[in-house]
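What follows is a set of notes on a single structure, which appears directly below.
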Amino acid sequence: MEPFWAVIVGVLFAAAVYMLLRRHLAKLAIGLILLSNAANLLILSAPGLVRGRPDFVPEGAQVLGPGHADPLPQALILTAIVIGFGVLAFFLALMRRVFLEVSDLDVEMLKE
Amino acid sequence: MMLLLLIIGGLFTALITPVICSRFPKKCGYLLSLQPFAVALYLLRHAPSITGGEPLRYKVEWLPSLGLSLSFYIDGLALLFALMVSIIGGVILIYARPYLGKHPDLTKFYVVLQIFISAMLGVVCSGNLLGLFVFWELTGITSFLLIGFDHEKKSSRTAALQALLITTAGSLAMFAGLLIMGQAGGFELETLLAGDGLQRHSLYLPILLLVLAGAFTKSAQFPFHFWLPRAMAAPTPISAYLHSATMVKLGVFLLARLYPVLGETAYWELLLMGFGGATMIMGGWRSPFQDDLKAVLAYSTLSVLGMLVFALGMGGPYGLTAMVLLTLAHSLYKAPLFLVAGNLDHETGTRSIAALSGLRDKLPLTFAVGLTASVSMIGLPPTLGFVSKEVLLEAAWKHSPLAVTAITVTAIGLVAAAWTAGLKPFRGPPKPTPRSPHEAPAPMWSGPLVLALGGLLLGAAVGLLKPLYQAAASAVSQDTVAVSVSLWHGFTPPLFTSMSILLMGAVVIASFDKLSPLMKLSLHFDRIRPSRIYLKCFDALFAFAARITRMVQSDSLGVNLSIILWTFLLLGGGVLWRLGGLPGQVTWEPKWLEIVLGSLMAAAALGAVFAKAFMGSAILLGMVGFSMSAVFMLYGAVDLAITQIVVDTLTVLMLVLVVHKLPHFKNLSRARNKLHDAILSISCGLFVTLLILKAEQVDFQQSISVFYNDHSVPDAYGRNIVNVILVDFRALDTLGEITVLATAAMGVILLLRGNNDKRGGETS
């Protein structure tokens, strides 16, 4: 199934990049959200996907048998989700502040 | 051990200098001078055994695998330089206290100066090429700080930067040379010197050129000479010490040190005599016609540095003995002359030769210093200046008529310079000066007087110096040099040359007023002066940097991002191409659940892009997030699914709560920009897809997940491996993550506070 997800990741990336290149700050926020989802999906699918077998070591066993999902990308994504959320919260608060101060959200206008 | 303590002792006394300076504001110069004087005493105590052929050694292994050790090796040459550094250093420390007076940065001055003394001792006593280089750089940095001591003046700052740039550029080249040399002959000085030399090594010429680059920039040889006159922006004691008596001689020291390894070849002779000769003639004839007293001394210093390099180029027993004696003689007359200039500047408020006149009665003791020192500089018997000049001429007569001519021409200029700097300000009728002059305080004339008298008496009793100069010259050549010097050699060619130099010098002094317009005129002809080239390069560098910055650093976010993304595509494409081009045949079996989820996600993402209002986008983004959560669930990433649901709910809430007041999207971009952005973003998406497909076909190293799987239950007692990784194996990462979140939360609170529309809720 990985090739399919590769295409989906590509679509998400394209959408995210397009939004990041816009001049409206709110569109930048949308781009940011899409980009972090795309990146997470990329990391998840990179080592290969295994359906429906979470990484829980069963009672009595010492190690997990073969044929399970890779735990490392999951740990990375977990961190990424949370950090991405923090960044987004900050960005939105900043954007709101900017709007209250100058009543404009055009990136090119904010330069001056 | 004692040796180590004494050499780097200045670094420790520098630490307690602020305490000493505030406790004993009047006496701190004397107290601080104890350290260098202790070094001198220690060296003098061991001098008989060192000159007797038993060098002092001290060695600590530092990085044996790199050939790096902290080792000291004091033979005759090192002894001579170390004695000069420590004794003159002590005099300067005492002199500086009244000279700087109530200067607010006095403590800083002393701290840097002491670090410099240690660095100097480190260079001259170093027994290892790499150690030598480290101390060498330290002298450059301290010199930079001291030239720029008057940091509120722009001219001081530019002079300091110029000196630093030129000398470090040279020392960088020198470092390369030392590294090659170390590879070829060993980094320890003793093994290197005891070896066969590198004169017939295949890389001899590159090594020589690189080392010369370092030595010539440090010792201000033409065409790198121009930083030295400008370095006179430093306080006068610094000019006397760093830029005349000690640091600028390091280049000469290095060449002398490496004489057995690199010397006595045709290249060596040509390069050293060529550049040294150009420097000495240029400096010697520019010197007397300067108006600034310190500039006179600076150019004459250049001239002598050229002479020393010239003498090393000639080589041979007489050339080396002349080099050793001239080094000593120059330090003993030039440092006092600088300090005389300092006294005159301090007492009258001006350094202009034209304004200084008839000060003999007002500053009698300073006059005594100036007189004694200039007699040695002119080279009248029985001074050390006379003796060293005789030996130099002897060496020149043994070498070639051309060498005799070059030295004669230079020496005539120096006679005039000595008269201008040391005697002229005291002669004639007094003229009004900015300050009314009176004799300088005792510390400001006593030390210089001792040095100047040293130059006089050691010349008269030159026999006393015999063990020292013979040991130093022998250390340079690594062979016994038994040239014996005395005041009277009989009627020899050098004596007649010397006498004609004096006569010609007298003629130049007598016709000074006629010559000086001519000299000023000649300055207009040299359009391509090295200092101009330096300035041009310096400006061009900044202009170049500004252009590059303008090109790649736009103030528009969109443009910057586009540049980054295109670069990413280009470089990434290169990597893809190197890995064998496009991915091969892809196979997959469709599963409907995934296809539905993925299509939903893609559709929602595209919808969010094209939505007309922010609210619509927010809802569609929520859909993307929940689909993600479902995907995580599907592939067994339970923790991720839970987190994603929580975060996504909050994100949508945040979007709705915070941004619902925002106006509708406006069409801000032009059609052309939109097209460009569309092409760029589709390329990026396509490229990422290709990258993932390719990644699956390239073999990477084995995942480290195996380790986590093996140790999760036995070592960390956790059955949920993802959780164990987060809170145990990579707990510090998680701590960092929490810190980021906390910082973001604080930022959010600060941004939301301070306006009347408090909504909050997004800090969660």
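The values are calculated or read from the model by the stated rules, or taken from the named source; none is laboratory data. Bear in mind the structure is a predicted one, so any value in this text is a computation, not a measurement. Positions of Cβ are backbone-derived with ideal geometry, glycine not excepted, and every protein chain shown enters the neighbour counts.
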Would you mention how many residues in the stretch A:67-104 are closer than 23 Å to B:R753 by Cα, more than 7 Å from every other protein chain (Cβ to nearest Cβ) and touching a residue at least 12 places away in the same chain (Cβ under 8 Å)?
4
Using the structure shown, decide if B:G251 is in a helix (DSSP H, G or I) and assigned by TED's automatic domain parsing to the domain that holds B:Y95.
yes
Need the failing condition index for B:A440 against (1) buried (at least 22 other Cβ atoms within 10 Å of the Cβ); (2) part of a helix (DSSP H, G or I), just the number.
(2)
Hey, could you check the stretch B:168-190 for residues that are touching a residue at least 60 places away in the same chain (Cβ under 8 Å) and touching a Phe, Trp or Tyr at 6+ places or on another chain (Cβ under 7 Å) and say which is nearest to B:F216 (Cα to Cα)?
B:L189
I need the full set of residues from the stretch B:204-232 which are small (G, A, S) and either outside the structural domain of B:G29 (by TED's automatic domain parsing) or crowded, with 24+ Cβ neighbours inside 10 Å (or both), in order please.
B:G214, B:A215, B:S219, B:A220, B:A231
Anything in the stretch B:128-137 that is in a helix (DSSP H, G or I) and closer than 17 Å to B:S71 by Cβ? List them, or say none.
B:L129, B:L130, B:G131, B:L132, B:F133, B:V134, B:F135, B:W136
Can you confirm whether B:E394 is assigned to a loop (DSSP other than H, G, I, E, B) and either out of contact with any Ser or Thr (no Cβ under 6 Å at 6 or more places or on another chain) or surrounded by 20 or more Cβ atoms within 10 Å (Cβ to Cβ) (or both)?
no
Among the candidates B:W588, B:W592, residue that is closer than 30 Å to A:G52 by Cβ, hydrophobic (A, V, I, L, M, F, W, C), within 9 Å of another protein chain (Cβ to nearest Cβ) and free of Cβ contacts under 8 Å to residues at least 60 places away in the same chain:
B:W588
Failed item in (1) crowded, with 20+ Cβ neighbours inside 10 Å; (2) modelled with pLDDT under 90, with B:S474 passing the rest
(2)
Go over the candidates B:V609, B:V658, B:V646, B:V624 one by one and state the one that is in a helix (DSSP H, G or I), under 27 Å from A:P47 (Cβ atoms), facing chain A (nearest Cβ under 7 Å) and of a type outside the set (K, R).
B:V624
Residues of the stretch B:5-50 classified as in contact with a Cys (Cβ under 8 Å, 6 or more places away or on another chain), of a type outside the set (A, V, I, L, M) and surrounded by fewer than 20 Cβ atoms within 10 Å (Cβ to Cβ), total:
0
For the stretch B:693-735, give me each residue that is within 7 Å of another protein chain (Cβ to nearest Cβ) and over 49 Å from the mean Cα position of the chain (by Cα).
B:L693, B:E696, B:N709, B:D710, B:S712, B:V713, B:P714, B:R719, B:N720, B:I721, B:V722
For residues that are more than 7 Å from chain B (Cβ to nearest Cβ) and surrounded by 18 or more Cβ atoms within 10 Å (Cβ to Cβ), tally how many sit in the stretch A:57-66.
0
Within the stretch B:295-315, how many residues are farther than 19 Å from B:F253 by Cβ and surrounded by fewer than 24 Cβ atoms within 10 Å (Cβ to Cβ)?
1
Taking the options B:G459, B:G505, name whichever one is in contact with a Phe, Trp or Tyr (Cβ under 7 Å, 6 or more places away or on another chain) and part of a helix (DSSP H, G or I).
B:G459
Collect the residues in the stretch B:256-276 that are more than 24 Å from B:V124 (Cα to Cα) and over 27 Å from the mean Cα position of the chain (by Cα), keeping them in residue-number order.
B:T265, B:A266, B:Y267, B:L270
Every listed condition ((1) within 23 Å of A:F4 (Cβ to Cβ); (2) touching a helix residue (DSSP H, G or I) at 6+ places or on another chain (Cβ under 7 Å); (3) without any contact (Cβ under 8 Å) to a residue 40 or more places away in the chain; (4) not polar (S, T, N, Q)) holds for B:P583 save (3)
If we keep only residues of the stretch B:397-437 that are within 21 Å of B:K294 (Cβ to Cβ) and among the small types (G, A, S), then the residue surrounded by the fewest Cβ atoms within 10 Å (Cβ to Cβ) is B:G428
Taking the stretch A:1-36, which residues are of a type in the set (D, E, K, R) and in a helix (DSSP H, G or I)?
A:E2, A:K27
Is it the case, given these coordinates, that A:A39 is in a helix (DSSP H, G or I), out of contact with any Gly (no Cβ under 7 Å at 6 or more places or on another chain), more than 7 Å from every other protein chain (Cβ to nearest Cβ) and buried (at least 24 other Cβ atoms within 10 Å of the Cβ)?
no
Could you tell me whether the stretch A:15-29 includes any residue that is in contact with a helix residue (DSSP H, G or I) (Cβ under 8 Å, 6 or more places away or on another chain), closer than 25 Å to B:L735 by Cα and either at the interface with chain B (Cβ under 7 Å from one of its Cβ atoms) or not aromatic (F, W, Y) (or both)?
no
So A:L64 ticks every box in (1) without any contact (Cβ under 8 Å) to a residue 12 or more places away in the chain; (2) in a loop (DSSP other than H, G, I, E, B); (3) closer than 22 Å to A:I8 by Cα but one. Which box is left unticked?
(3)
Which of (1) under 21 Å from B:V727 (Cβ atoms); (2) facing chain B (nearest Cβ under 7 Å) does A:E108 not meet, given it meets every other one?
(1)
Taking the stated definitions as given, is A:L44 out of contact with any Leu (no Cβ under 7 Å at 6 or more places or on another chain), more than 17 Å from B:F687 (Cα to Cα) and in a helix (DSSP H, G or I)?
yes
